[in-house]
1. Going down the table (Lys187/Lys247; Lys71/Lys253; Lys187/Lys242; Lys83/Lys242), which pairs top 27 Å between alpha carbons?
2. How far apart, in nm, are two points set 7 Å out from the Cα along the Cα-to-Cβ line at Asp94 and at Lys187?
3. What does the charge count around Glu55 come to, taking other residues whose C-beta lies under 15 Å from its C-beta (Lys +1, Arg +1, Asp -1, Glu -1)?
4. Can you give the FRET efficiency for Val168 and Glu202, using 1/(1 + (r/R0)^6), R0 = 25 Å, r = Cβ-Cβ distance, to the nearest 0.05?
5. Just subtract the alpha-carbon distance of Arg56 and Ile243 from 0.36 nm times their residue separation and send over the number in nm, one decimal.
6. Determine which lysines satisfy two conditions relative to Lys67: a Cα distance under 17 Å, and not lying fewer than 8 residues away in the same chain.
7. If each of Thr177 and Tyr210 carries a label point 7 Å out from its Cα toward its Cβ, how far apart are those two points in nm?
8. Spin-label point model (7 Å from Cα, Cβ direction): what's the Leu255 to Phe80 distance in nm?
Amino acid sequence: MPSLWARCPVCGLDPQSALSLLPRWYHGNLTRHAAEALLLSNGCDGSYLLRDSNERTGLYSLSVRAKDSVKHFHVEYTGFSFKFGFNEFSSLKDFVKHFANQPLIGSETGTLIVLKHPYPRKVEEPAIYESVRVHTAMQTGRTEDDLVPTAPSLGTKEGYLTKQGGLVKTWKTRWFTLHRNELKYFKDQMSPEPIRILDLTECSAVQFDYSQERVNCFCLVFPFRTFYLCAKTGVEADEWIKILRWKLSQIRKQLDQREGTIRSQSFIFK
């Protein structure tokens, strides 16, 4: 993938000089998963970055955080301008200025997204990039044991979900956080103490649920109870299910490895 400014039609600079014109929020060949990791772990609503698209030359991806998810949009560089949908801009500066006041619209959910906070490719805190290794690790089979103790956990996620009560089957919105093997839910985002902590090592399954009268629901199956949760959109429900299932697969993999080690040791000492 060539550099975004390998040929600058405006200033006519050579590639080396044109590199200085790169916007500070252009992240080169940063992957989709790594972009989501950065924006979800360290960004806020409206944080955005630009990266290369792996689909074809001249195509780039604008990744924008929208509340508890990240949306991706194609931006095409024609050699003379930047095309976004039916709009065309002479520079990235004009592009951002235009959409800072006119929301982007996510085609999947209709969520309005405004470009507010550019996410820089260079940051002072070195630990901020641990999240990138974490989310790419999800694709390479690494586990939390491969990371240093101070590194962020694999596959962290947080957001509001609507939960069905245990005894009284009413639905209430709660703030959920996923950290390592614990799924916690709070009364709201500002509550300091969780209402309950669910140990995912005890969870046997995570799946979509169609038994409720609500949409975008899924359930977590525990020996003592099945928890029914609903997201605002099908996309968010799918994101929760995927990351929770990945967590369970990692837990099972670690248990299998430990059992294998125990069997090997018992064989040696027989």
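1. Listed pairs above 27 Å: Lys71/Lys253; Lys83/Lys242.
2. Label at Asp94, label at Lys187, 5.3 nm between them.
3. Computed value for this residue: +2.
4. Computed FRET efficiency for Val168 and Glu202: 0.60.
5. Answer, rounded to one decimal: 64.5 nm.
6. Correct list for Lys67: Lys116, Lys157, Lys232.
7. A separation of 3.6 nm, rounded to one decimal place.
8. According to this spin-label approximation, the distance is 6.3 nm.
Values in this text are rule-based calculations from the coordinates and carry no lab data. Just so it is clear, the model here is predicted, and its values are computed rather than measured. With ideal geometry, Cβ positions are generated from the backbone for all residues, glycine too; neighbour counts draw on all protein chains shown.
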